[in-house]
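Just below is one structure, and these are the notes that go with it.
The values are calculated or read from the model by the stated rules, or taken from the named source; none is laboratory data. All values derive from a computational prediction rather than experimental measurement. We place every Cβ from the backbone using ideal geometry, glycine too, and count neighbours over all the protein chains shown. The area values use the complete protein model at the heavy-atom level, side chains included, leaving out ligands, DNA and RNA. Shrake-Rupley method; radii C 1.70, N 1.55, O 1.52, S 1.80 Å.
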Amino acid sequence: KAGVTQTPRYLIKTRGQQVTLSCSPISGHRSVSWYQQTPGQGLQFLFEYFSETQRNKGNFPGRFSGRQFSNSRSEMNVSTLELGDSALYLCASNSGLGHNEQFFGPGTRLTVL
Amino acid sequence: QKEVEQNSGPLSVPEGAIASLNCTYSDRGSQSFFWYRQYSGKSPELIMFIYSNGDKEDGRFTAQLNKASQYVSLLIRDSQPSDSATYLCAVNLGSGGYQKVTFGTGTKLQVIP
């Protein structure tokens, strides 16, 4: 069974640009969560999608957005990049069973210059 | 008060000893509790979850949950240098597949050979 895939693995952008990150969950999982991880703030929840609908959203500005497609693949977009957006962006595939374990992808390391 | 609190460490233990990692949470309605291991530069890996009061054992790992006192702990027996990593505690307030997961900032564990 394939794990969670995220592309690209590394990105370097400049301030003001926008970026789109992609995540493919584990086959059969219909829910995806996105997190931002920085050394100072730890893992911060961005949003969760289930069956193409955003079910939950964290406390991030509107520059951060996402969507989910019918095949459960998800994308997140960050517009008007700021230096503080430099982080590891993690996608988690949610089992939706029992107590809903999360399985993380390898992450996308975004550097904003 | 942070929703999920962990001592950042580092916690240093000699090889073969028991490592004890602790986590407290603020929301009494929390349903499920997870421990993740994260090696430097890697994404979090789920190692244990628990949702009932008491102990849950899996190999060298034991998770302990006390809902009345609002704490969850992870014991690692016979610690090995390969256990050196940051351990993240996560708490899920949601249920029935709905995710509302909050992570602690992690405890760095160092196992000294």
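So for the pair A:GLN41, B:ARG28, with labels modelled 7 Å out along Cα→Cβ, what separation do we get in nm?
Roughly 3.1 nm, to one decimal.
Which of A:ARG67, A:ARG30, A:ARG15 moves the most in a Gaussian network model of chain A with Cα springs under 10 Å?
Checking each option, the largest mean-square fluctuation is seen for A:ARG15.
What does the convex hull of the alpha-carbon atoms of the range A:31-113 project to on average, in nm²?
Values: hull surface 22.7 nm².
The number I arrive at for the range A:31-113 is 5.7 nm².
State the dimensionless ratio Rg/Rh of chain B (Rg: radius of gyration of Cα atoms; Rh: Kirkwood radius).
Details: Rg = 13.5 Å, Rh = 14.1 Å.
My calculation of the ratio gives 0.96.
Using a 1.4 Å probe on the heavy atoms of the protein chains only, list every residue of the range B:39-63 that has 40 Å² or more less accessible area in the complete assembly than in its chain alone.
Those residues are B:SER43, B:PRO44, B:LEU46.
List the pair-distance distribution P(r) of the range B:1-63, using every Cα-Cα distance, as the percent of pairs falling in each 10 Å bin from 0 up to the bin containing the longest distance, rounded to whole percents.
Going from the shortest bin to the longest, the percentages are 16, 48, 33, 4.
What net charge is computed for the residues neighbouring B:VAL13, neighbours being all others with C-beta under 14 Å from the C-beta of B:VAL13, Lys and Arg scored +1, Asp and Glu -1?
On the way: positive: B:ARG60, B:ARG77, B:LYS108; negative: B:GLU15, B:ASP78, B:ASP83.
Here the count lands on 0.
Ignoring solvent entirely, what values of log10 I(q)/I(0) come out of the Debye formula for the protein assembly as shown at 0.09, 0.17 Å⁻¹ when each Cα is a single scatterer?
Taken in order of the listed q values, log10 I(q)/I(0) reads -0.36, -1.23.
For chain A, give me the percentage of DSSP beta bridges that are antiparallel, rounded to the nearest 5 percent. Write down the numbers at each step before the final one.
On the way: 38 of 42 bridges.
If we restrict to bridges inside chain A, about 90 percent are antiparallel.
Could you tell me the relative contact order of chain B? Use alpha-carbon pairs under 8 Å, at least six residues apart, and round to a whole percent. Walk me through the intermediate numbers first.
Numbers: 284 pairs, mean separation 42.0, N = 113.
In percent, rounded to a whole number, it is 37.
Number of Lys-Lys pairs in chain B under 19 Å by Cα, sequence gap 8 or more or different chains?
Numbers: B:LYS2/B:LYS67; B:LYS2/B:LYS100; B:LYS2/B:LYS108; B:LYS42/B:LYS108; B:LYS56/B:LYS67; B:LYS67/B:LYS100.
Eligible lysine pairs with Cα atoms under 19 Å apart amount to 6.
Within 13 Å, Cβ to Cβ, of B:ARG28, how many net charges do the neighbouring residues add up to if Lys/Arg are +1 and Asp/Glu are -1? Let's see the in-between values first.
Values: positive: B:LYS67; negative: B:GLU3, B:ASP27.
That works out to -1.
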